[in-house]
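Written out below as structure tokens is the structure these notes cover.
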Amino acid sequence: MVKKINDFLAGLPMTIVAGIFLLFDLVPHLAEEFGGSIDLHIFPIDPAWVTVVISGLPLLYLAVWRIIHNPGISKISSALLISIAMFAAIAIGDLFAAGEVAFIMALGALLEDATTNRAKKGLQKLLTLAPTQGRRIRGGKEELVPAEQIQKGDLLRILPGETIPVDGAIVSGETSVDQSIMTGESLPVDKTVGDDVFCGTINRFGSIDITATKVGEDSSLQKLIRMVQDAENKQAPMQRIADRAASWLVPVALLIAILAYVFSGNIVTAVTVLVVFCPCALVLATPTAIMAAIGQATKHGVIIKSGEALEKMGKVDTIAFDKTGTLTYGRLEVSDVRPTSDALTGEALLTLAASAEGKSEHPLGKAIVAHAKAQSLSLLDSQDFQMDAGKGIAAQIGEKHLLCGSEKYLREHGVPLDDAASTILDQLRTEGKASILVAAEGKCIGVIGLSDILRPEAKDMVSRLDAMHAKTVLLTGDNRKTADYFAGRVGIAEVRAELLPEEKVGSIESLRKEGRKVCMIGDGVNDAPALKTADVGVAMGSMGSDIAVEAADIALMSDDISKIPYLKRLSNATVATIKLSITLSMCINAAAIVLSLLELLNPTTGALVHNAGSCFVVLIAALLYDRKFE
């Protein structure tokens, strides 16, 4: 009951009411300072009492709660110091000073709460990806069973389009598996007998039988979920600067106030010292600067979920990138059309390949057809279309029998590769591209290369980060050649490839052990643990998975990675602004203490000076909102 009342009084509506009544009380005080007088007869009591009750009770509750529950020196907090100053001001009848310090503290708490509320829905969305059932084979019969009943060693059948319920090894069949949830790879991976498959990945084409190797909590997807949970638990809440300083602020303030009373014999001087010593401007310095920076970032399509993330981003010295969907668009397009001889033009080769792939459901086949249509090529009718899942397709185009697929697929059909085809294939592999070999009438006639598309702004973005002395690293589930190729194009020197989610987490942790402050930028479900493990996680918001966005501290809603240098500069400026505000507030407090000891300030005028310091802090933070960082 007490906590509910406290939460109600500390809420925004009641704090606004407290501010209004404090303003009513300020008017006659200002008039008195300038030689006039105003008597507010409409109030049966001093309006400041309303402010003291509304803002003071939650402050007192917080101070007492910390004394009871906090360990050691952390029992002494800024709330305790301000409560002491509030009661001292009430004791000598200066209600305005009592209400002012309580109100400023309440306002600071609201501002900080507004910057630290974070969504916690990502884990629940990750849990929904866990398969609920599997197709188990026993005694030659298929039966659908709940995923939790599947045991290690069970034989399972996975049909096209089904989600694989456990980790396993293929014992029969061939297929292509979309395992982007685990590795972030843009292409389905061809799988055959003996290959491993992972829980939560999707069987795209052929039917396969697998033997369960890791089930339940041991499966890859459950490990992924646990990593997100563990990383979430490691995130410490932002600690107030004023509270960290309170262990020495409280005793120092009390000592100076006591000495002031002893030497001056004036209790008003002692109370004035306590009022001006209150760290309200110090409390406001961090949340106001952060709110301004978050507002500035929102205008540029960058969503920052917490003030802690913004502060940490200002200290980041290493930025790790995922590849697919982050540095690239995450979609394959035809990049090369290479006939193996001059007897065939590139246009003719593309026409034949697209005509043969016209009925294919494989992403590579669809990309070839889309590219041909974009070139306004007229596709030919195909007959006798056949698809060998995970390998390639065959079709009759007019009088030609065409094969389109992998090198293995062509060899199985008795088609050898000549030197020209092998040279082209090796070159495309070096460039990290996928390849489709095209054969007609038992001879390889050309190679079509497909590549993920690099974001045009990626290279300039990396260059700008280098100029800011921020180290860049590529962490990807793609193969080494592909990773090296794309890293070379954008200027990233350090590359870690062929990483599963837990290996990305391990890479982040190793970078942190080296003393680096790491920001991870990614877009997929597989990036979620790494995003949470890094000091700061940044997700590609518009096309990135919901889970990645929820796991991250910051989201780029326009998927514009050129915003990363802007984000870094904004964070640096925010940290600098906070430091400036803290320094200014401490200088104002120090000057006010001296003036109080010289009896040039009383509790009311001291509260006004104290309020001026808070206004300066807010003004400096407001300037951050409109500063240009582009």
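The values are calculated or read from the model by the stated rules, or taken from the named source; none is laboratory data. In this text, all values refer to a predicted model and were calculated from it rather than measured experimentally. Ideal geometry is used to build each Cβ from the backbone, glycine not excepted, and the neighbour counts take in all protein chains shown. Accessible surface is based on the protein model in full, side chains and every heavy atom, while ligands, DNA and RNA are left aside. Shrake-Rupley method; radii C 1.70, N 1.55, O 1.52, S 1.80 Å.
Listed values, structure above:
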{"quantity": "Relative contact order (percent, whole number), region 565-630, Cα cutoff 8 Å, 6+ residue spacing", "calculated": "49 percent"}
{"quantity": "Amide H partners (placed H, <5 Å) of VAL189, local residues excluded", "calculated": "VAL177, ASP178, GLN179"}
{"quantity": "Percent accessible area from carbon and sulfur atoms, region 572-630, protein chains only, probe 1.4 Å", "calculated": "73 percent"}
{"quantity": "Accessible area (Å², per residue) of region 381-476, counting only protein heavy atoms and a probe of 1.4 Å", "calculated": "44 Å²"}
{"quantity": "Global form of region 353-454, assessed from the alpha-carbon gyration tensor, a/c cut-off 1.5", "calculated": "oblate"}
{"quantity": "Aspartates and glutamates whose Cα lies under 20 Å from that of LYS152, excluding same-chain neighbours fewer than 8 positions away", "calculated": "GLU142, GLU143, GLU162, ASP167, ASP195, ASP196, ASP209, GLU217, ASP218"}
{"quantity": "Unit Cα scatterers, Debye sum, region 49-108: log10 I(q)/I(0) for q = 0.19 Å⁻¹", "calculated": "-0.61"}
{"quantity": "Solvent-accessible heavy-atom area per residue, rounded to whole Å², over region 252-329 at 1.4 Å", "calculated": "29 Å²"}
{"quantity": "Residue-by-residue Karplus 3J(HN,Hα) for region 45-61, coefficients 6.51, -1.76, 1.60, Hz, glycine and proline x", "calculated": "10, 4, x, 5, 4, 4, 5, 4, 5, 5, 8, x, 4, x, 5, 5, 4"}
{"quantity": "Distant-in-sequence amide H partners of THR201 (H built 1.01 Å from N, under 5 Å)", "calculated": "ILE164"}
{"quantity": "Relative contact order computed over region 285-444 (Cα-Cα under 8 Å; 6+ residues apart), in percent", "calculated": "15 percent"}
{"quantity": "For GLU494, residues with placed amide H under 5 Å, excluding near neighbours", "calculated": "LEU474"}
{"quantity": "Segment ASP342-GLU441, length gained on full extension (0.36 nm per residue, minus Cα span)", "calculated": "33.9 nm"}
{"quantity": "Potential extension, HIS413-ILE5 segment - 0.36 nm per residue separation minus Cα distance", "calculated": "139.0 nm"}
{"quantity": "In range of the label at ILE45: residues from region 75-90 whose backbone nitrogen is under 16 Å from the point 7 Å along Cα→Cβ", "calculated": "87, 90"}
{"quantity": "Partner lysines for LYS408 [C-alpha distance under 27 Å; skip if fewer than 8 residues away on the same chain]", "calculated": "LYS191, LYS359, LYS366, LYS391, LYS400, LYS433, LYS443, LYS481"}
{"quantity": "Carbon and sulfur %, accessible surface of region 464-531 computed with the full protein complex present, 1.4 Å", "calculated": "46 percent"}
{"quantity": "Phi to ³J(HN,Hα) by Karplus 6.51 cos²θ - 1.76 cosθ + 1.60 over region 137-146, Hz, x for Gly, Pro", "calculated": "10, 9, x, x, 10, 8, 8, 7, 10, x"}
{"quantity": "Within straight-line cross-link reach of LYS315, lysines at Cα separation under 22 Å, skipping those fewer than 8 residues along the same chain", "calculated": "LYS234, LYS305, LYS471, LYS504, LYS513, LYS517, LYS532, LYS563, LYS568, LYS579, LYS628"}
{"quantity": "Residue-span extension gain [ALA420 to ILE20] - 0.36 nm each, minus C-alpha spacing", "calculated": "135.7 nm"}
